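Nothing in this text is a laboratory measurement; each read-out follows from the coordinates by a stated rule. Since the model is a prediction, treat every value here as computed from it, not as a measurement. Backbone-built Cβ (ideal geometry, glycine too); neighbour counts: all protein chains shown.
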Amino acid sequence: DAEITQSPRHKITETGRQVTLACHQTWNHNNMFWYRQDLGHGLRLIHYSYGVQDTNKGEVSDGYSVSRSNTEDLPLTLESAASSQTSVYFCASSESYPGRRDTQYFGPGTRLTVL
Amino acid sequence: GESVGLHLPTLSVQEGDNSIINCAYSNSASDYFIWYKQESGKGPQFIIDIRSNMDKRQGQRVTVLLNKTVKHLSLQIAATQPGDSAVYFCAESSPYGNNRLAFGKGNQVVVIP
């Protein structure tokens, strides 16, 4: 069955280190998204991509970057981890059709702790 | 596990009763709406969606109602079960949002056996 996976599921790192979170989907969806979820804020969009070589900044993109070299993967990199980036990170994907939008499907999440 | 947390509006429901979860959206241009369920330690899971050309849509034990006049969305769960205990949140999308969704903060539903 098609799915979306994230790795690692849990990560502890130190301030200043570079961290990369992986997201892999097998639906062949064009659209992929990264969110963070924190108490009191709900889901906030970090970065998103509409296809290979396409990346866009979301509402909380500072300190994060993404790259899209193929359809299946959208890794999220924290250039220099900060304690404020301690959060739960979710990846999602959706198909795109001309003239309509489609449901986003989410991965299981990665809990990141920055010490 | 991965979850939203404890400081959300909470609806306590007796097992077997019906649940109603409400959501107010802000963008009058939004024309596509989704309800998600998030269980403790898991990612958000699609429940049901509705487009703005409809007022009501039914799924298995769930019904979504859309009132565009007052920008209000509700999710009704029939015969609530312990497995329905989760955080529920709505999401909206507009033709100008480039396939992005705006999410509400969520409501915690606790089913009392």
* To do: Run down the lysines and flag those whose C-alpha is under 22 Å from the C-alpha of B:K105, throwing out any fewer than 8 positions away in its chain.
  => A:K57, B:K37, B:K42, B:K68, B:K71
* Nonlocal amide H pairs with A:S67, under 5 Å, H built at 1.01 Å -> none
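Give the Kirkwood hydrodynamic radius (Å, one decimal) of the protein assembly as shown, defined as one over the mean of 1/r across all pairs of different Cα atoms.
On the way: mean 1/r = 0.0551 Å⁻¹.
After inverting the mean inverse Cα-Cα distance, the result is 18.1 Å.
Arranged by the count of other C-beta atoms within 10 angstrom, fewest first, what order do B:S85, B:S40, A:S87, A:S65 take? All intermediate terms of the calculation are to be shown ahead of the outcome.
Numbers: B:S85 19, B:S40 11, A:S87 22, A:S65 15.
If I rank by nearby Cβ atoms, fewest first, I get B:S40, A:S65, B:S85, A:S87.
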* Enumerate by residue number the chymotrypsin sites (Phe, Trp or Tyr not before Pro) in region B:77-113 meeting two conditions: DSSP loop (anything except H, G, I, E, B), and at most 16 other Cβ atoms within 10 Å of the site's Cβ. => B:Y96
* Can you give the three extents of the C-alpha atoms in region B:1-95 along their principal axes, from longest to shortest, in whole Å? -> 34, 27, 20
